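Notes to accompany the following structure.
The values are calculated or read from the model by the stated rules, or taken from the named source; none is laboratory data. Computed from a prediction, not measured in an experiment: that's the story for all the values here. Ideal geometry is used to build each Cβ from the backbone, glycine not excepted, and the neighbour counts take in all protein chains shown. Protein only, heavy atoms only, side chains kept; ligands, DNA and RNA dropped before computing areas. Shrake-Rupley method; radii C 1.70, N 1.55, O 1.52, S 1.80 Å.
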Amino acid sequence: MLAKEAQPSMTFFDIGAIIYYASIIPWEFPDFSVDHCLSQLTQLDQLIQNDGSVTTKEDRFILVTRKM
């Protein structure tokens, strides 16, 4: 059996990258649309403009088992 966990960081330097990321992983952002999330995206864009980037933490794990 294999079981591992990781919490990598992900840094975004522009709002376009966040929009692209949210649009390609629908299981993390169900029903994502720019129109629906415009106010939150505007806030994130302002943070990026002020701080240069936004960093998130990801939770990842893998579990591999075999039937005996």
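Please report, as a whole percent, how much of the solvent-accessible surface of the chain comes from carbon and sulfur atoms (probe radius 1.4 Å). Carbon and sulfur atoms account for 57 percent of the accessible area of the chain.
Heavy-atom accessible surface of Glu58, to the nearest 10 Å², is about 30 Å², with a 1.4 Å probe and all protein chains retained. Backbone geometry of region 51-63 corresponds, through the Karplus equation with coefficients 6.51, -1.76 and 1.60 at θ = phi - 60°, to 3J(HN,Hα) couplings of 9, x, 5, 10, 10, 10, 9, 10, 10, 10, 8, 9, 9 Hz, x marking Gly and Pro. Just the Cα atoms of the chain, one point each, no solvent: what log10 I(q)/I(0) does Debye give at q = 0.12, 0.14, 0.22, 0.27 Å⁻¹? With no solvent term, the Cα-only Debye profile gives -0.44, -0.55, -0.99, -1.23.
Taking a probe of 1.4 angstrom, what is the accessible area of Thr65 in Å², to the nearest 10? Counting only protein heavy atoms, Thr65 exposes about 100 Å² to solvent.
Please compute the length gained on full extension between Gln49 and Ile62, using 0.36 nm multiplied by the number of residues separating them and subtracting their Cα-Cα distance.
1.1 nm
Per residue, the solvent-accessible area of the chain (1.4 Å probe, heavy atoms of protein chains only, all protein chains present) comes to 85 Å². Compared with the dominant Cα axis of the chain, that is its longest principal axis, helix 15-24 is turned about 40°. For region 11-68, what does the relative contact order come out to in percent, with C-alpha contacts under 8 Å and a separation of six or more? Dividing the mean separation by the residue count of region 11-68 yields 42 percent.
List the longest stretch of the chain that has no exposed loop site; here a site is one of the trypsin sites (Lys or Arg not before Pro) assigned by DSSP to anything other than H, G, I, E or B, with at most 11 other Cβ within 10 Å. Result for the longest clean stretch: 1-65.
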